[in-house]
Amino acid sequence: MERKTHAAEEKTPKEVSKPAAYQPWDLHNWMKFLSERAPPLFFLMMAAGPCLSILYSKTEGFPIEKFIWAILGEQVLLLLVRIMDDVKDYEKDKIVHPDRPLPRGLIKFEEVSLFLNIAMLSTVVYGVLLGLRYGAPVGVSYEFQVAYGYLMYVEFGVGEWLEKNPFLYSFTHEISAFLIPMFLTSLRGDGLFSWEGLFSGCLIFSSFFSYDICRKLDPYLPKLKGTYLVIYGKWPVFVATSVLSAMGMIASYALDLHGLLWPLQLALVGSVLLLTVLPPQSRSSKRHKPVEILSAVNLILHLWVPFFAKLLSSQQ
């Protein structure tokens, strides 16, 4: 009898486990989403560089309270802008990057959209609190960033047109870099406009834009990805990188950082030029990778070198 029962059990088909039901606002899914698309530690490093560079001074030292307000506000905005990009690219990613969190259903599109709306309202409140604590110019300068972030989210109402012009699209987004030092110099007590804020904005703008151009230099990427190299070709990419690096060099000189940043800026231009004049690479070649890495290093150092320079000079 036991043998028959055992045989019958063997013939019984195994139950197929059903996928777990979707859980809205699942913390584990959100942490996974952020780790894949917007690593918080990386964005903390990106936000901390300009905050330290502008708020620290030789005479007054390090204003810890202002830094906390600044780093929290800037990191949240950077994270939101990054998440906005995923929401804007959702339809395209379903074709080009179906493995990304939103297309594969890790978090539903509607949930992320609702989160963005709530988060943007929260940043408006944060700007009001900044204004109450440190004065109207500080609050207004932060709200400028929030407002411009929203305009980028809706792509200025001309998204389809901008998508056809990658350089113009990126320019309209990267120009927001000038609002960061405007807020920080205002928080420091120097008002909305200052020469340091202007040249710091040039450093941030040129390094971010250069990174955006150079981070995808594989000539065999699908045209749907809209990379500069595939859309415009080698020489326009080189010219754009050269112009941006020249802007960075002028700003570096004005901020007395040229001894530290010029070698890096020239190295980036030289590496892009080398990639431009060399014969076309094979599909399996990875010779563009060092240039992509250099552009990332260039970005990080442009954000942090001003702080280290101030720190070193204060100890002399």
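Just so you know, all these numbers are worked out from the coordinates, no wet-lab data involved. The structure presented is a predicted model; accordingly, all values stated were derived computationally and were not measured. Glycine gets a Cβ as well: all are built from the backbone with ideal geometry, and neighbour counts include every protein chain shown.
Which whole-number percent gives the relative contact order of region 194-316, counting Cα pairs below 8 Å spaced six or more residues apart? Please list the in-between numbers first.
On the way: 113 pairs, mean separation 43.7, N = 123.
Across region 194-316, relative contact order equals 36 percent.
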- Express in nm, to one decimal, how much length is gained between Asp218 and Leu44 on full extension, taking 0.36 nm for each residue of separation and deducting their alpha carbon distance. 59.8 nm
- Query: For the Cα atoms of the chain, what angle does the longest principal axis make with the long axis of helix 195-214, in degrees from 0 to 90, nearest 10?
  - Reply: 40
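May I ask for the net charge around Leu106, where only other residues with Cβ less than 13 Å from the Cβ of Leu106 are counted and Lys, Arg are +1 while Asp, Glu are -1? Show your work: numbers first, answer last.
Numbers: positive: Lys32, Arg37, Arg100, Arg104, Lys108; negative: Asp26, Glu36, Asp86, Asp93, Asp99, Glu111.
So the environment of Leu106 carries a net charge of -1.
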- Query: If the cut-off is 16 Å between C-alpha atoms, which aspartates and glutamates fall inside it for Lys289, apart from same-chain ones fewer than 8 positions away?
  - Reply: Asp212, Asp218
- Task: Return one number: the angle in degrees, 0 to 90 and rounded to the nearest 10, between the long axis of the Cα atoms of helix 179-188 and the longest principal axis of the Cα atoms of the chain.
- Result: 60
- Note on the structure: For Ser57, other-chain or 5+-apart residues with amide H closer than 5 Å (H placed, Pro excluded) are none
- Message: Through the Karplus equation 6.51 cos²θ - 1.76 cosθ + 1.60, θ set to phi - 60°, convert the phi angles of region 132-143 into ³J(HN,Hα) values in whole Hz; use x for Gly and Pro.
- Response: 5, 7, 10, x, 4, x, 5, x, 5, 5, 6, 5
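Could you state, as a whole-number percent, how many of the C-alpha pairs of the chain are farther apart than 34 Å? Numbers along the way, then the final one.
On the way: 15866 of 49770 pairs.
The calculated P(r) of the chain puts 32 percent of pairs beyond 34 Å.
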- Query: What is the projected area of the convex hull of the Cα atoms of region 158-316, averaged over all directions, in nm²?
  - Reply: 10.5
- Task: Using the charge dipole of region 127-270 (Lys, Arg: +1 at Cβ; Asp, Glu: -1 at Cβ; taken about the Cα centre), state which of Leu260, Met182, Gln145 has its Cα farthest towards the positive end.
- Result: Leu260
- May I have the extent of the alpha carbons of region 71-147 along their three principal axes, as whole Å values ordered from largest to smallest? 47, 18, 18
- Within the chain, what is the longest stretch that has no GluC sites (Glu not before Pro) placed in a DSSP loop and near at most 12 other beta-carbon atoms within 10 Å? 61-316
- Global form of region 85-221, assessed from the alpha-carbon gyration tensor, a/c cut-off 1.5: oblate
- Query: Say we join alpha carbon atoms closer than 10 Å with springs in a Gaussian network model of the chain; which of Ser285, Ser170, Ser194 then has the biggest fluctuation?
  - Reply: Ser285
- Springs between alpha-carbon atoms under 10 Å, Gaussian network over the chain: tell me which of Ile293, Ile204, Ile54 tops the mean-square fluctuations. Ile293
- Cα lying deepest toward the dipole's positive end in the chain, options Gly197, Tyr134, Val76, charges on Cβ: Val76
- Message: Taking the 0 to 90 degree range and rounding to the nearest ten, how far is the long axis of helix 289-314 tilted relative to the main principal axis of the chain, both from C-alpha atoms?
- Response: 50
- What size of dipole, in debye to the nearest 20, comes out for the chain about its Cα centre when the only charges are +1 on Lys and Arg C-beta atoms and -1 on Asp and Glu C-beta atoms? 920
